Each structure stands twice: as structure tokens, then as C-alpha cells.
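What follows is calculated from the coordinates using simple rules that are stated; it is not laboratory data. Here the structure is a predicted model, which is why all the values come from computation and not from measurement. Heads up, the Cβs are rebuilt from the backbone with ideal geometry, glycines too, and the neighbour counts pull from every protein chain shown.
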């Protein structure tokens, strides 16, 4: 468990109109902040897509920032400490990113990166009209000629937030419990 996750993304592709296109590296690296590659499914199949992802191990999450109109927000733990977060929108767009698990404080600050194959492969049984698209270009890919690999490294020290919340709660409640206990003992002595 070295905390490294390798992301593979389309780099040299054939677009749906037959033309070839090399996605510029600076566009791919926008995946640190934005989703460059998305999956498009027919609008009437988004519920089925969500059900399929849940069947394959995703679970709904409430701990997510809603990016404006998403219908489903699903996560699935993969290699420690990583998880995939898939957002499904009413227009049939599915955005996915790999990020530090919600179990850790570092989830709030990253690293995270746009992924596409992980979610696309889980939807393999869906209709053939699902497509990988290049969001900034507004066009879809018909064939991938070459991929690029990018390594994500997890922070060396990961801090679980649940034990911190429990400890802080106990510290905050100690004076209250102490007063209640003293009052109870005093009342019993009278």
C-alpha cells in the first residue's frame, strides 16, 4: 500500500466525425480541478446507470458538494486510501473523479483527478450508446488510439476525522457530565 493510484485517460483519439485529435496535456491536467472527460448516456437511462453503478459497488453519499443539478452522487472505495466519486446529471452526463476517501480529513483538500475508464467499464452492460466525451471540446470519442497514464500520490499522513469528532465531543461534554454528576451526588447526600 504505497498510496499511489495510476489514472489512464484518452490522449490520442478518433472523434465521432472520424477526425483524429490529440488532447493537449494542459487540457488533461485540468482534470485536477475540472472534469475533462465525461460519459454521456441517454437521458432516459440515467436511473438505470445509477442502479448499475450501485449494483457494482457504488453507494449514495450525502457528504458531497452538489455541482448544480446532479441527480445522483455515488462513491465507491477502491485501493486504499482512494475512492471514485461519480456524479450523474439529468442530461445524461456522468462525471467521475478519484479522490482521497471521505474517511480522511485530506478528502477536503485533495488530491483528486478526473477519471473515465473506471466508471465506463462498470457500465459495460448498458446500451451501446454510452460515449466518452471531451467536455471542453464538446465532442465525443469513437475510438481511443493512445492513452496517457498519470500517477496520483496520497498524502503520507492521513488523518481520520471520525475519531477526532468523538474525542472533541467527549472533551466538550466533560464539564457538563462533571456538573451533572456532582449535582446528582450532592442531591443524594441530602
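With contacts taken as Cα pairs under 8 Å at a separation of at least 6 residues, the range 25-101 carries a relative contact order of 31 percent.
Among 62, 126, 29, 76, sorting on how many other beta-carbon atoms sit within 10 Å of each Cβ, with the fewest leading, yields 62, 29, 126, 76. Residues 85, 80 in ascending order of nearby Cβ atoms (within 10 Å, fewest first): 80, 85.
Sequence-distant contacts, meaning Cα pairs under 8 Å at least 6 residues apart, place the relative contact order of the range 4-157 at 37 percent. Does a label point 7 Å from the Cα of residue 157, set along Cα-to-beta-carbon, have any residues of the range 1-31 with amide nitrogen under 20 Å, and which are they? Residues 2-4 fall inside that zone. Based on the convex hull around the alpha carbon atoms, the range 4-157 presents an average projected area of 8.8 nm².
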